[in-house]
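To start, the structure itself, in structure tokens.
The values are calculated or read from the model by the stated rules, or taken from the named source; none is laboratory data. All of these numbers come straight from a predicted model, not from anything done at the bench. Neighbour counts run over all protein chains shown; Cβ positions are idealised from the backbone, glycine included. Quick note on the areas: whole protein, heavy atoms, side chains included, nothing else; ligands and nucleic acids left out. Shrake-Rupley method; radii C 1.70, N 1.55, O 1.52, S 1.80 Å.
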Amino acid sequence: MGAGVMKKQGGRGRRRGRAQPMAEINVTPFVDVMLVLLIIFMVAAPLLTVGVPVELPKTAASALPSEQEEPLTVTITAEGAVQIQTTDTARDQLVTKLRAIASERASDRVFLRADGKVSYAQVMEVMGALNAGGFSNIGLVTDSGGPALDGSDTSGG
């Protein structure tokens with residue numbers, strides 16, 4: 001924008017009335033655009049997290065190390081509905097969909113999120129479906145800060 005602006009020469013010199021190209025580039029519009037983009041990304045980034053609101057049980061276990069491929073997440077809501085990532089899935093179609101997903105993935109790791117109000121039997125049914133679908137590396141997702149059952153307090157307070 002600023003590079004094409006012509007600058008008139010002062011009143012001295014032989015080339016009176018001729019314009020010379022300006023050698024400086026105006027950086028202000030560039031900085032303005034970068035600041036606007038920064039604000040847009042700062043506002044949009046928290047909205048890109050995938051998740052279904054569930055009340056996760058708390059444990060003293062540490063987090064699992066991350067991996068290269070986006071992890072597959074299966075969620076059991078408080079109402080007992082099963083979701084693969086964010087897609088609702090009927091229980092009778094769960095094994096079929098999991099087999100199709102397992103054939104396309106390099107990793108057999110899957111994260112199981114279950115609301116704390118869901119019964120143990122329902123969690124075990126879904127774990128059996130995950131195993132039958134080809135996923136043998138199942139990680140149970142919990143919130144940290146729960147009881148350690150060894151007398152120590154891990155809640156931080």
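List every residue pair whose Cβ atoms sit under 7 Å apart, with the two residues 6 or more apart in sequence or on different chains, where the first one lies in the range 100-123 and is at negative phi and of a type in the set (S, T, N, Q) and the second, anywhere, is at pLDDT 85 or above and not in a loop (DSSP other than H, G, I, E, B).
Gln122/Ile76
Scan the range 83-101 for residues that are open to solvent by less than 60 Å² (accessible area, probe 1.4 Å) and either within 18 Å of Ala114 (Cα to Cα) or part of a strand (DSSP E or B) (or both) and report the count.
8
Please identify the pairs in which a residue from the range 130-157 that is under 30 Å from Ala90 (Cα atoms) has its Cβ atom under 6 Å from the Cβ atom of a residue that is open to solvent by 50 Å² or more (accessible area, probe 1.4 Å) and modelled with pLDDT of 85 or more, counting only partners at least 6 apart or on another chain.
Gly133/Arg99; Gly134/Arg99
Of everything in the range 110-139, what is more than 15 Å from Gln83 (Cα to Cα), open to solvent by 40 Å² or more (accessible area, probe 1.4 Å) and in contact with a Leu (Cβ under 9 Å, 6 or more places away or on another chain)? Give them in sequence order.
Result: Gly116, Ala132, Gly134, Ser136, Ile138.
From the list Pro21, Pro46, Pro71, which one is modelled with pLDDT of 75 or more, of a type outside the set (Phe, Trp, Tyr) and touching a helix residue (DSSP H, G or I) at 6+ places or on another chain (Cβ under 9 Å)?
Pro21
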